[in-house]
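The values are calculated or read from the model by the stated rules, or taken from the named source; none is laboratory data. Since the model is a prediction, treat every value here as computed from it, not as a measurement. Virtual Cβ from ideal backbone geometry, glycine too; neighbours counted across all protein chains shown.
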């Protein structure tokens, strides 16, 4: 006898969420409704949007490099003695030269330099005028990082649409498979009833009834397994939607009637629109900016500076700060040029160039991989569509075979095994049709994801 569990394998995986979720009890849920729910509540989307927000602020902060930085400062110091310069040795020498016996008659030749306690407060400013292109490269790199963050959002949204398609229609697959198994059980019970009547009338042997009893038991076991699969599928979908559980009916039906464009059209769309490939192009631009930043180390840096002291306690001598109401200031332009840093600049530039070349190789490899994935998914969609059409023909034949076997059994022209085999064969074909429809859906969602057209999947479900 055939076992339908040998013909259908459904993978179910789910992660338990620890955050507060929403119940979707006994609500009809279309795919569009599920998408809207996911778009509003999915934590992955929320996280990637916050990361994009952070990248925007970082990019804006880099613009500040073009402007002067103005700082307030305050300094307070206490020395162990007053600061002065002693010229008494010169005084003593002059006294000896002039034959003055007491050098102190010339006075004390100590000149005060500063007070024991000093305090300053004021402002200083620094404005980079020329950095060899370092600031421009940093600002441009920040803008590129913002574009990469946008592509991350697009990639995440497309991936989640594919994930939602997989889990939503996984529930549909499990629900409809459950209906098939329920039908098999009902058919087997009906056959057991007929076999019991025929055995009581002595038309068939007791072994024929035993075959029917075993078939009922097997159908019941497979029904229980299918019921568990349904619960697991709904748990996985609830996780994607950030809901506690989903108990309502899913109203969007399987579809296999989408007219595909040519394979070449999808390949070209993938090379142009796939976010991960777009990110590699942006990574090339980012590497170019890194090269510019490293080249700037071979240029001098020019900056304007200024400083003023607004508050002080007359700490200096020589008439520099004689009164507390004086406001000394200074402005100027400075230039620095690195002459030697141990070949650091040269090696860092070579590293940046190597990184740029590595991105070129990664882009070429990624383009080949993506076009290969697109081709595989394209043919998988076509294959699934063809399987559905062919299996539907087999379903008609299997249905007729069940009718004929049941009639023949009632007339004593067929065995119980013949009836059970016919029922199982019909259920196998029905499950294979469901599986082919599911593969069609998931392959189509994957194809649209790689070509950057995942939003079109929403239109197909409507």
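Just a few scattered comments:
- Close pairs from segment 151-178: first closer than 12 Å to residue 38 by Cβ, partner not in a helix (DSSP H, G or I), Cβ under 8 Å, at least 6 apart: 160/42; 168/250; 168/252
- Residue list for segment 287-302, filter: assigned to a strand (DSSP E or B) and crowded, with 17+ Cβ neighbours inside 10 Å: 301
- When residue 59 is tested against (1) surrounded by 13 or more Cβ atoms within 10 Å (Cβ to Cβ); (2) at pLDDT 80 or above; (3) touching a strand residue (DSSP E or B) at 6+ places or on another chain (Cβ under 7 Å), exactly one condition is not met: (3).
- Single unsatisfied condition, residue 224 versus (1) in contact with a helix residue (DSSP H, G or I) (Cβ under 8 Å, 6 or more places away or on another chain); (2) in a helix (DSSP H, G or I): (1)
- Only residues that are over 14 Å from the mean Cα position of the chain (by Cα) and in contact (Cβ under 8 Å) with a residue 12 or more places away in the chain were counted across segment 41-54, and they come to 1.
- Residue in segment 120-137 that is under 29 Å from the mean Cα position of the chain (by Cα), buried (at least 19 other Cβ atoms within 10 Å of the Cβ) and assigned by TED's automatic domain parsing to the domain that holds residue 299 present: yes
- Tallying residues that are under 22 Å from residue 427 (Cβ atoms) and surrounded by fewer than 21 Cβ atoms within 10 Å (Cβ to Cβ) within segment 230-242 yields 3.
- Selection of segment 77-105 for residues being more than 30 Å from residue 309 (Cβ to Cβ) and either touching a strand residue (DSSP E or B) at 6+ places or on another chain (Cβ under 9 Å) or surrounded by 15 or more Cβ atoms within 10 Å (Cβ to Cβ) (or both) yields 88, 91, 92, 95, 103.
- Matching residues in segment 372-381 - criterion: being surrounded by fewer than 20 Cβ atoms within 10 Å (Cβ to Cβ) and touching a helix residue (DSSP H, G or I) at 6+ places or on another chain (Cβ under 9 Å): 373, 375, 376, 379, 380
- One residue from 178, 198 being at pLDDT below 90, closer than 30 Å to residue 416 by Cα and either more than 47 Å from the chain's Cα centre (by Cα) or surrounded by fewer than 20 Cβ atoms within 10 Å (Cβ to Cβ) (or both): 198
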